[in-house]
1. The chain: Rg/Rh from Cα coordinates, Kirkwood Rh?
2. Tell me what the chain gives for mean residue ellipticity at 222 nm when only DSSP H runs of n ≥ 4 count, each as -39,500 (n - 2.57), the sum divided by the residue total, rounded to 500 deg cm²/dmol.
3. Using alpha carbon centroids, what distance separates the stretch 162-210 and the stretch 1-68, in Å?
4. If amide hydrogens are placed 1.01 Å from N in the peptide plane, which non-local residues have theirs closer than 5 Å to the one on Arg187?
5. Quick one: how many lysine pairs does the chain have with C-alpha atoms less than 30 Å apart and a gap of 8 or more or different chains? Give me the count, please.
6. Tell me the GluC sites (Glu not before Pro) within the stretch 168-241 that lie in a loop according to DSSP and have at most 12 other beta-carbon atoms within 10 Å.
7. Which ³J(HN,Hα) values, rounded to whole Hz and listed in residue order, are derived for the stretch 361-368 from phi using the Karplus coefficients 6.51, -1.76 and 1.60 in 6.51 cos²θ - 1.76 cosθ + 1.60 with θ = phi - 60°, glycine and proline given as x?
8. What nm value, rounded to one decimal, do you get for the distance between Arg213 and Ala152 when each label is placed 7 Å out toward the C-beta?
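Each value in this text was obtained by applying a stated rule to the coordinates, not by laboratory testing. Remember, it's a predicted structure, so these values are computed and weren't measured experimentally. When we count neighbours, we look across all protein chains shown, and the Cβ atoms used for this are built from the backbone with ideal geometry, even at glycine.
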Amino acid sequence: MTGAATGPIRKVVIVGGGTAGWMTAAALSRAVSADVSVTLVESEEIGTVGVGEATIPSLLDFNRIIGIDEDAFVRATQATFKLGIRFRDWGRIGDDYLHPFGTHGRDVAGVSFHQLWLRAAARGETATPGPIGDYCLSHVAARLGRFNRPVADPSAVLSTLSYAFHFDAGLYAAYLRTLSKAAGATRVEGRIAGVVRNAETGFIDAVTLADGRRVDGELFVDCSGFRSLLLGDALGVPFTSWQHWLPCDRAWAVPSTRQGPLTPYTRATADRAGWRWRIPLQHRVGNGHVYSSAYSDDDTAVRALLDGLEGTPLAEPRQLRFVAGRRERLWEKNCVAIGLAGGFLEPLESTSIHLIQSGITRLLSLFPDRSFNPVEIAEYNRLLLREYDQVRDFIILHYHATTRSDSPFWDHCRTMTLPASLADKLALWAGNARLFREAGELFTPDSWIAVLLGQGQRPTGCDPLVAALPVGEAAAFLAHLRDVIGRTAAAMPTHETFIAQHCAAP
Ligand code: FAD
């Protein structure tokens, strides 16, 4: 009987075969011993959400864990490289900034680089330091449309480049499916119609399929998407909505033909009641419009998407509905929810796949036995829930840090009451530009700096300790760094050339 039992887990059942399900299967089937079965149940009839196509650099760690050959992966998924996200019209209409991956400059004598830059910018000297993005290699390369892989030598500027991918979600799931099956995972096709719970412990014993088959397990991973079949429906773990902070609840998505050069960045353009994404792939462009149904009707939203397309649509626009938020717990009894079954944060910073990965790696580090130690379950929940909350704050920042007043949507975002955690962070920034990274926090101060400055949030001062660094020396250091970064980026191949030479799809 699960829950009161002892001994190792022998049967893992993953419910759902979207990105979450197959990423989980790929990682677990490699990590567990040969006598543990990993079974994934999915339903072709129900299908997947199929839109998660932009990622962040942490995916490289996941690829390493599951032993992916990067060039083969890029080829198989028609992927492109991503150096950051270009934000248009967020702080005000006409604004255009980049949130790059990687770091800005480097700290000097214990003083953060951005403090040095802020002092130089505030002095308004003749040799102005230029935008802070000029001190980040990923930023400069993205603007120039260039790409190269970083080198390991920490003394080389090229070691500071950081990147992720854009890929075709359908091809990615198929790719992971092949890897998982090769590693021993079993796929069961069928629609789950019921969940069998142990009368004594309330643990899940099995799922039953519409055709009467039964799949028994000891550990269940709920990757059933927005339906949250196990954690939400069967175990009744409540959902906490964050809609008051993140009012967007719908999206239209449409693929289009490629037009122009292959940009190594995602584009996010703010609109009157949300924002539009553009994700370049080798064979097409992914486009979407995320919007709030409280501030825009569906027809207006789909028209805005189609009017903004740069290529020709390749399919009819598809609508998706969601609510920002997460379950109160992500691991309950013998069920862990990973992916949309656990929560959803809109794709503004491409964080959903990262949160899937984080759920998987934490599950591996707290992999249970059949006693399901409550202390370990509580730790998993503490770590994951905190991570969701931290990502939520960073996304809210983009909406709130604006002077836009051209629509009721932006009036709401500009004037809303913030979560206390975010309000505190902004107060620390507003004075002497203090930024601290909490333990386990995904977004580094470099990310916050890019968005805060990109959206016009200039602090009133800077770190008093900057005064210890002579102005002339600091100016020479900045000029040198900017020059080296500019030259390094200019020497890289174009993004298109790099792909053609290393990993073009056939
Ligand atoms: P799904 O893809 O919905 O998979 C659910 C699975 O469960 C399917 O296989 C389905 O068949 C199965 N299932 C459900 N019910 C049953 C049943 N009764 N019986 C059997 N099987 C069942 N993330 C990013 O990281 N980057 C992005 O750019 C990004 N863009 C997004 C844009 C939008 C508009 C949305 C809504 C999401 C976006 N995401 C993005 C999130 C990303 O799409 C998801 O995190 C990712 O696809 C994982 O989804 P999933 O596997 O949890 O769910």
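1. When Rh is taken as the Kirkwood radius, the ratio is 0.98.
2. -10500 deg cm²/dmol
3. Cα centres, the stretch 162-210 to the stretch 1-68: 6 Å.
4. So Arg187 has HN proximity to Leu40.
5. For the chain, qualifying lysine pairs total 5.
6. Those that pass, being in a loop and sparsely packed, are Glu200.
7. Values per residue, Gly and Pro as x: 5, 6, 5, 5, 6, 10, 4, x Hz.
8. 4.5
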